[in-house]
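J.: First the structure, then my questions, so here it is.
Nothing in this text is a laboratory measurement; each read-out follows from the coordinates by a stated rule. Just so you know, these numbers come straight off a predicted model, no measurement behind them. Here the Cβ is made from the backbone with ideal geometry for all residues, glycine too, and neighbour counts use every protein chain on show.
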Amino acid sequence: MSLPDFCFVHAADLHLGSPFSGIIAGSELAAQRLVSASNRALDALVRLCNERRAAFLVLAGDVFDSTSVDVRTQYQLYSALSSLAHEGIPSFVSWGNHDPLGSWRATFNWPPEVHFFGADVGWHEVRSSGRTIAVVGGVSYARPEVNDNLSLKFRRPPHPHGDHDPDRCLCVGVLHCNVGVVPEHGNYAPCSLNDLAAAGIDYWALGHVHRHKVLAGPGEGVAGASSFAAVYPGATQGRDITETGAHGCCVVHVSGGRVADIEFVPTDDLRWLNLTIDTGAMRGLDEIVSTVAASCSAECAQSGLDAVAVRVRLFGRGGLHRELSRQGAGQVERWLRESLEHEGRAAGRWWWLESVKDATAPDIDHAALKRSGGLVAELIEAANRLSESAADLESLVRSIEQELGPPRARAALASLSVDEVRDIVAEAETYALDLLLAGEGEAGGGESA
Amino acid sequence: MRIDSAFIDGYGVFSGQSMDGLADGGVVLFTGSNEAGKSTLRHFFIDMLFGARRRSAPPHPPLRGGAHGGLLHIIMQDGDERSVERSFSGPGRYGACAEVGGMSRELYSNVFAFGLPELVTFEGLTGEEAASRIFSAGAGLGASSYARAKQQLGSAMDSLGTRSSRNRPLNVACDRLSEALERLERIKRQQGRYSELTRDIEAMQLERDRLARLAAQLEADITRLGQLNRTRELWESMETARRELERLKAARVPAYDAILALASRIDALGPALERWLAQVHEATQVQVRLGSASARARDSMLRLGPAWNEARVEAFDTSIEARQLVRDYGERIADADARLRVAQANVEAALRAVQECTRARGDVVAERERHRPESLPDEAVARGRLAAASAARSALADLNAASARLEADLGRLDGATQAAEWAAAARRQAAGMGGLREKLASAFPFMVAVAAAVAALAVLAEGSSAAGAGGATATALLLAAVAAGAGTVAIAQRKTRAGRLNAAIAAEREAASRMQAAAHARATSSEAVAAARRALDDCLAQLAKMGAPLPSGQTAAADALQAALPSALDAIEEQAREHLAVLREIAGLNTRLKRADDSLDEGRGELERRRQELSEAGRTRERAARDWAAWLSRAGMPESTRPDFVLDVFDAVNAVRTSLAEARSASEMLARLKVEIQGFTDEVASVCEALGHDAGAAAAEAAAAATATATTAPPSSDTLAAAVATATTARVPQLVATLADELRKARAAREQLEKAESRFASLSTGFAASYPEATLAEALASHGATTAEQICVELATAERELAAVRESMERLAGEYALLVQEKERMEGADAQLVAEIDVESARQELAAVVRNWAVLAVARRLMDAAVESYETQRQPAVMREASETLHLITGGRWARIVARVAELATIDVEDARGARRSTEELSYGTQQQLYLAVRCGLVREYAKRGEPLPVILDDVLVNFDPERAAATAVALSDLSDSCQVLVFTCHPEMAQAFIRAGKVSAHFELADGQINRL
């Protein structure tokens, strides 16, 4: 008699307890809302398991955001997995680079249905109606930085446990790793797709990459004799402005002991949105608000969620540049954040401005200024020369760093990336031009009339 | 900008002085001896342009009168003319005028308007404003200020953070981040406490469980001992009751059992004895009633007669229904007799009424026969004649009226015909001009007019040839007037005749119209007369048809008939009315006859009905008699018996029956009493036998004897008394009393035993209720094994131990609760998360501030770099201009000035061969020439970028040798091409040098407070 069809849920990178980056001072309430988004994603994960009657749940690393998350956050995981255990749904958890084994853990009476993987690959059976329907193996990081290829430790168990036929039950490998050594991700437990194929695992439940990605779909694996699947489910909730779009987990449908289908299900409670707005043709600041609000509304309608955190980059010559420059970055950000929150409340939603970057420029003809041969031309030339050389930019940072007194401020300055410094140079150029080209009667920077 | 003219109202030594023609180009030269007022005049120009210095005394107060101030007339570069008026004693004494374009007083005083003291000090040019201002002017910044930009930049950076200030955003953000990190670290260190809490809580849970078990054991012991203590007294009472019960059981009497077994029967003997004695007495009385009733029955039977016996009496129906039936028969017979008599009287009365009606009808018939004439038309004919006569009368009247209208119409026709003829004659007269007289009358005015006209012409003809022309003319005019008047009359007459003819024609037409109308009316009246006549003929024909007597003539056309017709119609109507009156009287008699016939028929009917009633009453009487006879037959009584007698028989039968019933009742009661009396004696005998009492048997026999006596003895008073005495004196009552006494004793003994049993059972139950069933035996055993004192001691000991355990538990629970609370707080606390958020928030805040600061710092670097590049790669025009000027002044000795404009303090000079010297290495005069050259360069460059300002030089060439002074005068004169140059000097040779340069446009001499143009 063939094994029954079933499904299980694969999630990773929950990053519970993450304080979220990009939160500025005075936005503690927003921070709480963002933090609660991760918790709600966990709730959604539990709901999904119950609704789909999942055979088990796999969490592939970075469940917690740090090695020392507080008790409350750990208790939330305990509560969630305990509730699943109460429903008869076992959980298999591996720890990743954010929450390695050495992390501080509060003591809880974990139900026997909750399994944590150790530093060595461990295997567990999943039984249903007296039969083993799956074996789940996984490994946790012993320390934050693991540069070994942990996939090599996986080998499908030939006869895992006694009387069942190992070839007919699903074999799942849980691994937090960087497949293909993708440079934009931390290079932890690097491995290749061939390494995964060699292990004889039916389904690789991967973690670490925050965007959902199917490396190998059902039947697409590169293993010679048998196919396999390897999937990054992505984070359950986008963590910052770099993680836009839907985030969630995978429901893996198994038929006849083989992966039949992989279904991505969003679990996020909040979407990040990156907006670039041309203010060149705008006549009033209200147009910025209405444009951002319209984008947020569209995002909500598309995602079905009520919460959007948005980063806005304003660009364009002339237009509102003078007004924005006069108000200053802080004032513009406060004003736009409050306006957007107001618009969100009016729409019955929660819209939060993560940040706004004013990249608008005065309505000046750079080419003409450069041709004039005056000081302004020299300034433009100097900015251009500076931006073209990463070394000069780094040198610039080191140079101005000396002027900063507080060490923390110097550290903050030193932590800027080259691209960020380049942006600063551009802004500085605009600022200096505003000052130099402004009429004497004007108090601050602004474009020439 | 050039100063074209100036007026000094009051300033220093100058009062009411004016100058004009200053802006004609070239150099304006002011010469004068020392203290002539050159510097005062220079200051006047500066103060007028830039205002008085603040926080200083008013400049050069007027020494020779006049208001402190003056007026400048200025011509701008674009030709615009302006006036600058300033009073140094008024509110407008401060502030530069707008025409200087934002130039500061200090810069102007150093670069544009200076004397020797300013020239020899180079610091004026190295000031930030001076340098950057000049630099800006040469850097394509238009009206903006490089210095202002740098100042704003510096201010912005300072507002973000300085090394010294702690409350700037940069420092605040750093401090906040430090504090947030420290707080987070503190919280993280506390997280280890969670594991300790978990272990402590587990240990406390074990200790708590142990103490709970110990407390439970002690509570059980206390409960057990407390229960023993509480039930001790009960247990002791129970033991006492148990012993008393055992004693009573041991003293029990066996004979009491037999008595108690018959207790109910013995109890019943007492009341039965009372009933027995009463029954014996009652039996004797019943015997007496039985004898009396039997005697009355026999007597009544004899009164009914020999045919009656007891059986017939019992069978005879004397019920209420039977009695009522007999009474009904009597009433029916009496009622039938009365009805019969009434019916007979009614018949007789009806017969008399019929006879009366017959007589009245005969009277009416006789009277009607008397009133009826021989030939009388019926009513319809009479009414027809009356109506026809009335119609004929109406038709006759219509005929007469129509004839009268016809006559009148004929008259009007004749009149109209005559009027028409008259109108025709008048019209003909008007048309035919009448007779000769009228024609002459009409022609006369015309002729007069012609004659007057001819005469007037003649007079005119005569007058024209004669001397009295004036009189002839007047006469002619008079005649002409007469002619005109006559003509006018003639025309009026002609108009009158035409009017008359028109009127006659109109009258003729109207007469003809009236004649036609009269003819039409006559025709209409003729038709009406004919119609009326036909109507009258119809009426007469109808009357004739109805046999009315009419006069001779058959139609109304006959005048004779019309004349006789009214009287005939009157006769016809009168006859018809008489006939109708007779007919009405006959109709009344017919009505009365009809009523008489109806009364007769009614009386006959009534008579018939009464006769039928009489017959019915007779039949009813017969039926009642027949029914009564049948009843008597059934009752076995003679037919002649009347119902009243039968009712008396009923009473007699009932009396017999009552006596017989009383006798039977007494007999039955006596039998019943006998049975009951026998029953009592039997019960007494039975009880005595059961108890083995010998005396009982004798008493029973006595009772039986008394019973027999009472029920069988003859009903005399003596025997009755004897029977009663026997019964009451017998030994039966004593026996019954004895039995009752023995029973009371037995019951008392049993009750005592039962009370003891009940008490013991109650105590046992109460004790058992104090313990569960399982522990009852143990409790009993414990009570039996211990004393009350031992129980009290053990209980007190257990309670003390329990209190100690509970105290420990409470203390432990408090500590446990605190630990659990702390643990739960840590599980639900978001302090670490809040701290992490705070750290992140502070980090972002710091990053934002640092970034903002970095933008400013980079901006400053960019500006510095731009300046550096500009200075090193593109020598400012100001230096080129200065170099040329120096080259000119020094006669080519020094060819080039090498300077960094932003740092003017490091100016060097190079000769034609490139040999460079620093400023300090130059001679004093050459230094001044260098400085003057630089200022000239600045002025020239400034003039290229902005509004050129006047250059005012106050004896700056005194340290120059004549050669270089002349060259300088040439250079400054050349400068006047770019801007206005005002030169003040007290040295004639200097003045000559400028004059020789050839560009002096105006020369003023200052002396004794006067400004005179030379």
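J.: What length, rounded to one decimal in nm, is gained on full extension from B:T775 through to B:N229, with 0.36 nm per residue of separation minus their alpha-carbon distance?
T.: Full-extension gain reported as 195.1 nm.
J.: If I stretch the segment between A:L152 and A:S297 completely, what's the gain in nm (0.36 nm per residue apart, minus their alpha carbon distance), one decimal?
T.: Additional length available on full extension: 47.5 nm.
J.: Subtracting the Cα-Cα distance from 0.36 nm times the residue separation, let me have the gained length for B:A523 to B:V898 in nm, one decimal.
T.: Full extension of this stretch gives 119.5 nm more.
J.: Check which residues have an amide H placed less than 5 Å from A:A12's amide H, if you skip close sequence neighbours.
T.: A:A60, A:T236
J.: Under a point spin-label approximation (7 Å from Cα along Cα-to-Cβ), what is the A:E287-B:E239 distance to one decimal in nm?
T.: Roughly 11.2 nm, to one decimal.
J.: Moving on to the next point. Considering Cα pairs under 8 angstrom that are at least six residues apart, work out the relative contact order of chain B and quote it in whole percent.
T.: Relative contact order comes out at 28 percent.
J.: With the contact rule set at Cα under 8 Å and sequence spacing of 6 or more, what percent relative contact order holds for chain A?
T.: 12
J.: Near the amide H of A:V174, under 5 Å away, which other amide H atoms are found, from residues 5 or more places off or on another chain, if H is placed in the peptide plane?
T.: A:G137, A:G138, A:V139, A:A205
J.: Would you mind ranking B:V288, A:V209 so that the residue whose beta carbon has the fewest other beta carbons within 10 Å leads the list?
T.: B:V288, A:V209
J.: To continue, here is another question. Which of the trypsin sites (Lys or Arg not before Pro) found in segment B:243-275 are loop residues per DSSP with 13 or fewer other Cβ atoms within 10 Å of their Cβ?
T.: In loop regions of segment B:243-275 (DSSP not H, G, I, E or B), the sparsely surrounded trypsin sites (Lys or Arg not before Pro) are B:R252.
J.: By how many degrees, 0 to 90 and rounded to 10, does the Cα axis of helix A:418-437 deviate from the longest principal axis of chain A?
T.: 20
J.: Just check segment A:6-266 against the gyration tensor rule for me: Cα atoms, a ≥ b ≥ c as the square roots of the eigenvalues, rounded for a/c under 1.5, and otherwise prolate or oblate depending on whether a/b exceeds b/c.
T.: prolate
J.: Using a 7 Å offset from the Cα along the Cα-to-Cβ direction at both B:D908 and B:Q734, what is the distance between the two label points in nm, to one decimal?
T.: Computed distance between label sites B:D908 and B:Q734 equals 18.2 nm.
J.: Shape call for chain B from the C-alpha gyration tensor, a ≥ b ≥ c root eigenvalues: rounded (a/c under 1.5), prolate (a/b greater than b/c) or oblate?
T.: Oblate.
J.: Relative to 2.2 N^0.38 Å, what does the C-alpha radius of gyration of the protein assembly as shown come to as a ratio? Two decimals please.
T.: Normalised by 2.2 N^0.38 Å, the Cα Rg of the protein assembly as shown equals 2.30.
J.: Let me make sure I get this right: for segment B:755-832, a, b and c are the square roots of the gyration tensor eigenvalues over alpha carbons, sorted descending. Under 1.5 in a/c it's rounded, otherwise prolate if a/b > b/c, else oblate. Which is it?
T.: In terms of gyration-tensor shape, prolate.
J.: Which log10 I(q)/I(0) values does segment A:338-385 give at q = 0.18 Å⁻¹ under the Debye formula, counting every alpha carbon as one identical point scatterer?
T.: -0.63
J.: Work from the charge dipole of chain B (Cβ charges, +1 for Lys and Arg, -1 for Asp and Glu, about the Cα centre) and give the residue of B:L214, B:S178, B:Q344 farthest towards its positive end.
T.: The Cα lying farthest towards the positive end belongs to B:Q344.
J.: Please sort by residue number the GluC sites (Glu not before Pro) in segment A:201-297 whose DSSP state is loop and whose Cβ has at most 14 other Cβ atoms within 10 Å.
T.: A:E220
J.: Sticking with this one: Take the Cβ-Cβ distance between B:S513 and B:I491 as r, set R0 to 35 Å, and report the resulting FRET efficiency rounded to the nearest 0.05.
T.: Step by step, r from the Cβ atoms, then E = 0.55.
J.: Suppose R0 equals 35 Å. What FRET efficiency, 1/(1 + (r/R0)^6) with r the Cβ-Cβ distance, do A:N194 and A:E338 give to the nearest 0.05?
T.: Approximately 0.05, to the nearest 0.05.
J.: For Cα pairs less than 8 Å apart in space and 6+ apart in sequence, what is the mean separation divided by the residue count of segment B:30-108, i.e. the relative contact order in percent?
T.: 30
J.: Further question on the same structure: Over chain A, consider all pairs of different Cα atoms and compute the Kirkwood hydrodynamic radius from their mean reciprocal separation; express it in Å, one decimal.
T.: 24.6
J.: Follow-up question, since we're still on this one. What list of ³J(HN,Hα) values in whole Hz, one per residue of segment B:167-174 in order, does the Karplus curve 6.51 cos²θ - 1.76 cosθ + 1.60 (θ = phi - 60°) give from phi, with Gly and Pro shown as x?
T.: For segment B:167-174, the Karplus-derived couplings read 9, 7, x, 5, 5, 4, 5, 5 Hz, x marking Gly and Pro.
J.: How many nm separate the modelled label positions at B:S762 and B:L410, each set 7 Å beyond the Cα in the direction of the Cβ?
T.: 16.0
J.: Hey, fewest Cβ within 10 Å first, where do A:W123, B:W628 land in order?
T.: Lowest count first: A:W123, B:W628.
J.: While we're here: Given a Förster radius of 25 Å and the C-beta distance between B:E379 and B:A531 as r, what FRET efficiency does 1/(1 + (r/R0)^6) yield to the nearest 0.05?
T.: E between B:E379 and B:A531, to the nearest 0.05, is 0.15.
J.: Follow-up. Output the 0 to 90 degree angle, nearest 10, between the alpha-carbon long axis of helix B:717-729 and the longest principal axis computed from the alpha carbons of chain B.
T.: In chain B, helix B:717-729 runs at an angle near 50 degrees to the longest axis.
J.: By counting other Cβ atoms within 10 Å of each Cβ, how are B:Y870, B:Y816 ranked from fewest to most?
T.: Neighbour counts put them in this order, fewest first: B:Y816, B:Y870.
J.: Can I ask one more? For a quick check of your reading of the filter: which GluC sites (Glu not before Pro) in segment B:340-411 sit in a DSSP loop and have no more than 10 other Cβ atoms within 10 Å?
T.: B:E374
J.: If one takes the longest principal axis of the Cα atoms in chain A, at what angle in degrees, from 0 to 90 and to the nearest 10, does the Cα axis of helix A:329-346 lie?
T.: 50
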